[in-house]
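Here the structure is laid out as structure tokens; the discussion comes afterwards.
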Amino acid sequence: MRNGFVSLVGAGPGNADLLTLGALKVLQQAQALLYDALVSEDIIALAPQRCVKICVGKRGDRLSVSQDKTNELMVRLARKGLHVVRLKGGDPSMFGRVEEERQYLDRHGVPHKTLAGVTAASAAAAQFEFPLTHRGEARAVTFLTGRTKEGSIDLDDARVSDTETSLVFYMSSHNARHIEARLREAGRPAATPVVLIENAGRQHARAVATRLDRLAAEVETAAWDGPVLIAVGDAFAYARTASVATAVAALR
């Protein structure tokens, strides 16, 4: 039985320009590609034509491939002697289940390596020109997920009450009302700046600036289709949403 190799690779938030050079090199060497649902067609097309390509992505509550099935596929393909690229949206270490996959590969004796990717919050900060931290206003940033195994989100007051900590919520638009209520209870002012970013890093990304006491209403009235980040904190008052939208339109 021959053993291949698995590369756990961050694809970034979707724009091929945000791939690392290392990710591009590995992708071009792939013999089997297992990719997330949010990985763009432009990035998938960089893999060799003869490469086996399988979508194993998960999109909220939609029908998708289970994590157990993805793990089994990685091992099965590697044991055929293939270089398997597990292409994960964003950065594998950021809400990407990468440690579950590494542990599974370790248990089955499959060698592997991990390549970092650009996470959506960093892409959004560059695209819409706001800082994640800012001297005198935001001395820390915390990334949180709203999609736990139980489907809920638990906010600890001590973690979210500090007004000098920027908060970025991933996969949390369905919990916007709960987030707004808990942050207000924790002492965050009603006028705290909020930016909602859909499809961060992509050409068709959009951002909406609002404030904390209007967060839930804004999320519920917007026609969101892609993944949404919720950014809460004083640093996000600097977001240049209108100028970026104009610039993107000019490129089309």
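Please treat every number below as a calculation from the coordinates, not as lab data. Keep in mind that this is a model prediction, so the values were computed, not measured. Here the Cβ positions follow ideal geometry from the backbone for every residue, glycine too, while neighbour counts run over all protein chains shown.
Numbers for the structure displayed
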{"quantity": "Region 120-251 - charge dipole about Cα centre, Lys and Arg +1 at Cβ, Asp and Glu -1, debye rounded to 20", "calculated": "240"}
{"quantity": "Cut-off under 5 Å, modelled amide H: who pairs with residue 90 long-range", "calculated": "11, 12, 14"}
{"quantity": "Cα-based helix-to-principal-axis angle, 67-78 vs the chain, degrees rounded to 10", "calculated": "40"}
{"quantity": "Contour excess over end-to-end distance, with Cα ends at residue 221 and residue 29 and 0.36 nm allotted per residue", "calculated": "64.7 nm"}
{"quantity": "Dipole of the chain, positive direction: furthest Cα of 56, 232, 194, with charges on the beta-carbon", "calculated": "56"}
{"quantity": "Of every Cα-Cα pair in the chain, the percent that sits beyond 35 Å", "calculated": "20"}
{"quantity": "Among 142, 45, 170 the positive-end extreme of the charge dipole of the chain (Cβ point charges)", "calculated": "45"}
{"quantity": "20 °C / 1.002 mPa s Stokes-Einstein diffusion coefficient of region 21-166, Kirkwood radius on C-alpha pairs, µm²/s", "calculated": "123"}
{"quantity": "Where Cα atoms sit under 22 Å apart: lysine pairs in the chain separated by 8 or more or lying on different chains", "calculated": "19"}
{"quantity": "Gained length - residue 49 relative to residue 133, 0.36 nm times residue gap less alpha-carbon distance", "calculated": "26.0 nm"}
{"quantity": "Rounded FRET efficiency, nearest 0.05, which uses the C-beta distance separating residue 20 from residue 214 and R0 of 35 Å", "calculated": "0.40"}
{"quantity": "Antiparallel bridge percentage (DSSP; both residues within region 5-115; nearest 5)", "calculated": "5"}
{"quantity": "Crossing angle, helix 241-251 versus the chain [Cα axis fit, 0-90 degrees, rounded to tens]", "calculated": "50"}
{"quantity": "Net charge of neighbours whose Cβ lies under 9 Å from the Cβ of residue 33, counting Lys and Arg as +1 and Asp and Glu as -1", "calculated": "+2"}
{"quantity": "Reference-scaled alpha-carbon Rg (2.2 N^0.38 Å with N residues) for region 127-223", "calculated": "1.05"}
{"quantity": "Distance between region 1-59 and region 73-103 - C-alpha centres, whole angstrom", "calculated": "10"}
{"quantity": "Magnitude of the charge dipole, the chain, Cβ model with Lys/Arg +1 and Asp/Glu -1, debye to 20", "calculated": "1060"}
{"quantity": "Helix 98-107 vs. the chain, principal-axis angle (Cα, 0 to 90°, nearest 10)", "calculated": "30"}
{"quantity": "Cα-projected label distance for residue 108 with residue 203, points at 7 Å along beta-carbon direction, nm", "calculated": "3.8"}
